[in-house]
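The values are calculated or read from the model by the stated rules, or taken from the named source; none is laboratory data. The structure presented is a predicted model; accordingly, all values stated were derived computationally and were not measured. Methodologically, a virtual Cβ is constructed for each residue, glycine included, from the backbone with ideal geometry; neighbour enumeration extends over all protein chains shown. Ligands, DNA and RNA are excluded from the accessible area calculation, which covers all protein heavy atoms including side chains. Shrake-Rupley method; radii C 1.70, N 1.55, O 1.52, S 1.80 Å.
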Amino acid sequence: ALSTETPVQLSTDPVTQEAKTGLLSWFTSTPGHLNIAFIHQMDADTSTWTSGHEFGVQHLKRRLKDKITVRSYFHADTPEQKDALLEQAVAEGANLVFTTTPRLNRATVKAALKHPNVRFFNCSVAVPYSSVRSYYCRIFEGKFITGAIAGAMANNDHIGYIASYPIYGEPASINAFALGAQMTNPRAKIDLRWSCLPGRPVPDFVQKGIRVISNRELPSQEQIYMDLCNFGTYQIEDDGQLTPLCSPCWMWGKFYETMVRSIMSGSFDGGKDKNRAVNYWWGMDTGVIDVKLSDKLPDGVRVLAELLRQGLQDGSIDPFLRPITAQDGTVKNDGSHCFTPDEILHMDWLCDNVEGSIPQFDDILPISQPMVRALGVYRDEIPAEKEASL
């Protein structure tokens with residue numbers, strides 16, 4: 001795949017047309033029943049990421065019922081466990097396998113080469129392997145809405161933002177949030193911190209007088225995640241109480257249902273293209289990302305959020321179609337053109353109303369370095385010997 005001019009094709013919309021005669025397929029005919037396996041790291045009790053995907057698995061079971069057989073496999077944590085669980089899934093009849101974290105990508109590629117008649121998908125982005133399809137969601141669209149809400153709710157023009165890892169798509173989420181906040185508050189400044197660095201961002205925000213904070217997005221639409229205020233955007237009241245405001249949320253069930261239905265109907269796009277890696281990068285227009293709104297929001301802010309959601313869903317709103325200046329003063333957009341999906345995914349700069357920077361690899365906590373090494377915005381710049389030592 002890397003030998004082609006564009007090694008990774010970003011597919012931003014599901015294919016809905018009927019299968020065409022002669023279309024290459026991984027199956028010789030449209031399958032009437034699918035045996036589906038989900039391979040997870042950790043389990044739903046110890047990982048909110050796994051919990052979110054399992055919530056999606058349950059949705060898939062409810063929607064397709066006896067048309068599918070689904071098995072979930074947990075604790076693919078070590079190289080030996082990854083390989084063993086993938087082999088077990090295939091041995092137990094799986095002809096469609098989803099591995100749900102980027103850390104499982106290499107093991108998935110190995111299994112795909114060994115079992116060419118099985119479809120393999122890995123939850124990651126910009127992975128140049130034509131034998132495995134990758135999938136992720138345009139979370140920046142939800143961040144744009146929550147940024148607008150945060151800008152409207154911040155009394156002192158300063159908003160705290162806790163990013164996860166400096167990986168593909170994360171700068172786009174930060175920038176979309178910052179532009180959303182600037183839309184409702186032209187003076188808004190985003191104080192950027194990273195959970196993959198040492199330190200305690202929330203106490204630092206409080207000490208600086210910041211009372212509106214954005215943290216990681218909800219792993220599913222379950223209300224408990226919103227109420228905990230460990231996720232999403234929330235407000236710290238004068239008495240120290242936390243009030244949830246909003247959050248993007250992953251709708252993995254919608255993704256899995258759409259993808260499985262496209263395979264079963266014969267409209268799945270393309271088959272096993274030996275010269276092109278495909279990354280499914282869907283957004284709010286497909287229902288795989290949504291924004292959950294708290295009932296604590298003022299009515300006017302809620303109306304604004306609903307309008308933005310509708311605009312993102314129907315394509316009438318583009319968060320990046322406006323004048324944009326980066327921190328170094330470079331004009332990234334004069335307001336006359338849209339960024340391509342590839343430009344958005346591979347952003348490695350931050351807007352001028354963001355106070356903070358993208359951390360260097362050596363500064364990141366060791367537990368977070370493998371993820372950044374796999375999907376980091378500067379992964380090609382990490383010295384090979386450093387990768388070997390990890």
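So which of Lys67/Lys143; Lys208/Lys254; Lys143/Lys332; Lys189/Lys292 end up more than 29 Å apart by C-alpha? Show your work: numbers first, answer last.
Numbers: Lys67/Lys143 35 Å; Lys208/Lys254 40 Å; Lys143/Lys332 19 Å; Lys189/Lys292 23 Å.
Flagged as over cut-off: Lys67/Lys143; Lys208/Lys254.
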Between the residues Ala94, Tyr225, Asn185, the Cα farthest towards the positive end of the dipole of the chain, that dipole coming from +1 and -1 charges on the beta-carbon of Lys, Arg, Asp and Glu, is from Ala94
Given unit charges at Cβ for Lys, Arg (+) and Asp, Glu (-), the dipole magnitude of the chain about its Cα centre in debye, nearest 20, is 1060
Here region 87-94 yields Karplus 3J(HN,Hα) values (6.51, -1.76, 1.60; θ = phi - 60°; whole Hz; Gly and Pro given as x) of 5, 5, 4, 5, 4, 8, x, 5
Inter-part gap, Cα centre of region 149-169 to Cα centre of region 187-251, in whole angstrom, is 8
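Could you order the peptides 63-71, 143-151, 245-253, 227-235 from most to least packed, using the average number of other C-beta atoms within 10 Å per residue? Working shown, then result.
On the way: 63-71: 14.2, 143-151: 29.1, 245-253: 25.8, 227-235: 20.0.
Per-residue mean Cβ counts within 10 Å order the peptides as 143-151, 245-253, 227-235, 63-71.
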At 37 °C in a medium of viscosity 0.692 mPa s, the chain has a Stokes-Einstein diffusion coefficient, with Rh taken as the Kirkwood radius over alpha carbon pairs, in µm² per second, of 151
Plugging the Cβ-Cβ distance of Lys208 and Asn117 into 1/(1 + (r/R0)^6) at R0 = 41 Å yields, to the nearest 0.05, a FRET efficiency of 0.10
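State to the nearest 20 debye the size of the charge dipole of region 114-205 about its Cα centre, where the only charges are +1 on K and R beta carbons and -1 on D and E beta carbons.
On the way: 9 positive and 5 negative charges, 78 e Å.
For region 114-205, the charge dipole is close to 380 debye.
Return a whole-number percent for the relative contact order of the chain, with Cα pairs under 8 Å and 6 or more residues apart as the contact set. Display every interim value, and only then the final one.
On the way: 776 pairs, mean separation 85.4, N = 390.
Result for the chain is 22 percent.
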With Cα coordinates, the longest principal axis of the chain makes an angle with the long axis of helix 299-314, in degrees rounded to 10, of 40
The answer for region 284-388, accessible area per residue at 1.4 Å probe in Å², is 52
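Note down the magnitude of the dipole of region 193-275 about its Cα centre, charges +1 on Lys and Arg C-beta and -1 on Asp and Glu C-beta and zero elsewhere, to the nearest 20 debye. Mind showing how you got there, number by number?
On the way: 9 positive and 10 negative charges, 85 e Å.
Dipole of region 193-275, to the nearest 20 debye: 400 debye.
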Under the Karplus relation with 6.51, -1.76 and 1.60 and θ = phi - 60°, whole-Hz ³J(HN,Hα) for region 122-136, x at Gly and Pro, equal 10, 7, 6, 10, 6, 9, x, 10, 6, 7, 10, 7, 10, 8, 7
Across Asp157, Asp314, Asp285, the residue with the highest GNM fluctuation in the chain (Cα network, 10 Å cutoff) is Asp314
In the chain the accessible area split gives carbon plus sulfur, as whole percent at 1.4 Å, a share of 49
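With a 1.4 Å probe and all protein chains left in place, how much accessible area per residue does region 111-223 have, in Å²? Before the final figure, lay out the partial values.
On the way: 3590 Å² over 113 residues.
Ligands and nucleic acids excluded, the result is 32 Å² per residue.
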Diffing region 318-335: the Karplus 3J(HN,Hα) column from phi (6.51, -1.76, 1.60, θ = phi - 60°), in whole Hz with x for Gly and Pro, holds 10, x, 9, 8, 5, x, 9, 10, 7, 4, 7, x, 5, 7, 8, 8, 8, x
